[in-house]
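We did not get these values from a lab; they are worked out from the coordinates using the rules stated. Just so you know, these numbers come straight off a predicted model, no measurement behind them. We place every Cβ from the backbone using ideal geometry, glycine too, and count neighbours over all the protein chains shown.
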Amino acid sequence: MNLKKTVIISLAALACAGFIAGCGSNKKDAVSADPAKTKNEIKVGTTPGYSEQVVEFVAKEAEKEGLKVTIVPFSDYVTPNQALAQGDIDVNSYQHVPFLEAFNEKNGTKLVPIGNTYLAPLRLFSNKHKTLSDLPDGASIAIPNDPSNGGRALLLLEKNGLLKLKEGVNPVKAVVSDIASNPKNLKIIELEAPQLPRALEDCDASIINGGYAVSAGLDPKTALAQEDNTSPYVNVIAAREQDKDNPTYQKFVKIFQTEATRKYINDNFQATLTPGF
């Protein structure tokens, strides 16, 4: 009787030990399921042109510090934030804060900037005209169709005397209907950012984001107008709000914001980018 009781107790103890071990194993697996928190690895989303080129440089620098960077390329400005919000990538590097805030407001997401990168000025290009004064009455001008860059483009046109926005309008949120005065009767055509370089074939001018201008082989020196260095549209590295203090992500930011990266930007994109850190 005592022997039987002892066996039962021993089996119960073993079962309990197995259950505890199993729980411990599951907890360990749950932690290791997030490689960015347990390993020196990070997935970085970016877009074509200088954004991708700068991240490629930073990835090589990161490798020297034992951080493996996997670059995930995207062809538009919306998908990188969707992928970040869904956890498909860890951070992204391609956008400024007004664009990020507009995306959050529209989609109910909580993405936050965790480090500045550089300023990439918007520029107005034309294949048909040499100066702004050459633009004819009724000229067609293509601009980005996303909320923040669209307003940014309208502000660029206003600063160059081509139109005037309504009083009190926040330029970050300005839309075509906010134009109060249009002395040249410009026809504003809103397009997806990747289409803006191709619009030069049909439109009188096109206001193009830096990355797509570089990818299209456009020379910044030929721009009819561009933002100056007082622009608030400095690009950032973005992450999910709950991950803003993740040590791996912060390590990536620190490597991005080194003198080596500053020199790379100045040496290779002097006419295109200005370091923002």
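Projecting label points 7 angstrom from Cα along Cα→Cβ for ASN127 and LYS106 puts them 2.7 nm apart.
Estimated purely from DSSP H runs of n ≥ 4, each contributing -39500 (n - 2.57), the mean residue ellipticity at 222 nm for the chain is -12000 deg cm²/dmol once divided by its residues. Normalised by 2.2 N^0.38 Å, where N counts its residues, the alpha-carbon radius of gyration of segment 75-115 equals 1.02. If the limit is 31 Å between Cα atoms, which of LYS184/LYS263; LYS164/LYS221; LYS39/LYS263; LYS128/LYS263; LYS130/LYS254 go over it? Those over the limit are LYS184/LYS263; LYS128/LYS263; LYS130/LYS254.
Taken over segment 161-272, the alpha-carbon convex hull comes to 166 cubic angstrom per residue.
Dipole orientation for segment 123-226: of the candidates ALA216, VAL172, GLY150, VAL172 has the Cα lying most toward the positive pole (charges on Cβ; Lys, Arg +1; Asp, Glu -1). To test your reading of the geometry: what angle, between 0 and 90 degrees and rounded to tens, separates the Cα axis of helix 97-107 from the longest principal axis of the chain? Result, in degrees: 70. Each 10 Å bin from zero up to the one holding the largest Cα-Cα distance in segment 78-146 carries the following percent of pairs: 15, 37, 21, 19, 7. Each Cα pair of the chain feeds into the Kirkwood radius, which the Stokes-Einstein equation turns, at 10 °C and 1.306 mPa s, into a diffusion coefficient of 75 µm²/s. Here the dipole of the chain is about 1020 debye; that uses its Cα centre as origin and unit charges on the Cβ of Lys and Arg (positive) and Asp and Glu (negative). Of the residues GLY138, ALA205, GLY49, the one whose Cα sits farthest toward the positive end of the charge dipole of the chain, with +1 on the Cβ of Lys and Arg and -1 on the Cβ of Asp and Glu, is GLY49. Computed over the chain with a Gaussian network model linking Cα atoms closer than 10 Å, the most mobile of ARG152, ARG262, ARG123 is ARG262. Charge dipole (Cα centre; +1 on Lys/Arg Cβ, -1 on Asp/Glu Cβ; no other charges) of segment 123-226 amounts to roughly 240 debye. Of the GluC sites (Glu not before Pro) in segment 185-231, the ones in a loop by DSSP (not H, G, I, E or B) with at most 16 other beta carbons within 10 Å are GLU192.
At full extension, ASN266 and THR79 could sit 64.5 nm farther apart than now, given 0.36 nm per residue minus the alpha carbon distance. Over every Cα atom in segment 123-226, the radius of gyration and the widest Cα-Cα span, Dmax, amount to 12.5, 37 Å.
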